[in-house]
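The numbers here are math on the coordinates, done by the rules we state, and not lab data. Just so we're clear, the structure is a prediction, and the values are computed from it rather than from any experiment. Because the Cβ atoms are built from the backbone with ideal geometry, glycine has one as well, and the counts that use them run over all protein chains shown.
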Amino acid sequence: MATAGPDFGQSNLTVRTVSKNTVQVSTFAHPTQPPIMLFFSFFKTLIDHEVTVELKNDIQIRGTLKSVDQYLNIKLDDISVVEELKYPHLSSVKNVFIRGSVVRYVHLPANHVDVPLLEDATRREAAAQSAKAK
């Protein structure tokens with residue numbers, strides 16, 4: 001896994017190219033900070049695209065992104081569990097609501113992510129936050 005781009009400072013964004021076809025985006029916000037609107041806007045552009053959500057308990061769920069809110073809660077339709085044999089109790093589930101606080105990573109198709117544009121927007125967001133803090 002190679003990090004795609006430089007350090008993002010206060011923005012707490014990690015963008016990694018996992019494979020030729022997959023980009024991994026994660027945010028690590030401080031628990032007392034409100035969610036960053038940049039990511040909310042970014043994930044809204046991915047509605048109706050297939051994503052894989054990796055939870056903090058190591059379950060990976062693949063499905064069609066149907067909605068995301070300002071807390072980065074996610075609704076997926078037509079889901080499947082990546083390791084179905086390990087989690088057979090989830091095989092009958094077709095739709096899920098995932099609380100944003102339990103998400104570790106969201107794996108995205110690389111062709112849906114403009115990494116340079118996302119890096120630039122993240123830098124602007126970090127600069128605005130640091131200017132606001134002063």
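What's the exposure ranking of Y71, Y105, Y87, going from fewest to most Cβ atoms within 10 Å?
By the 10 Å Cβ count, ascending, the order reads Y71, Y87, Y105.
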task: Sequence neighbours fewer than 8 away in the same chain don't count; with that in mind, list the aspartates and glutamates whose C-alpha is under 18 Å from K86.
output: E54, D58
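Summing Lys, Arg as +1 and Asp, Glu as -1, what charge do residues with Cβ under 14 Å from the Cβ of A128 carry, A128 excluded?
+2
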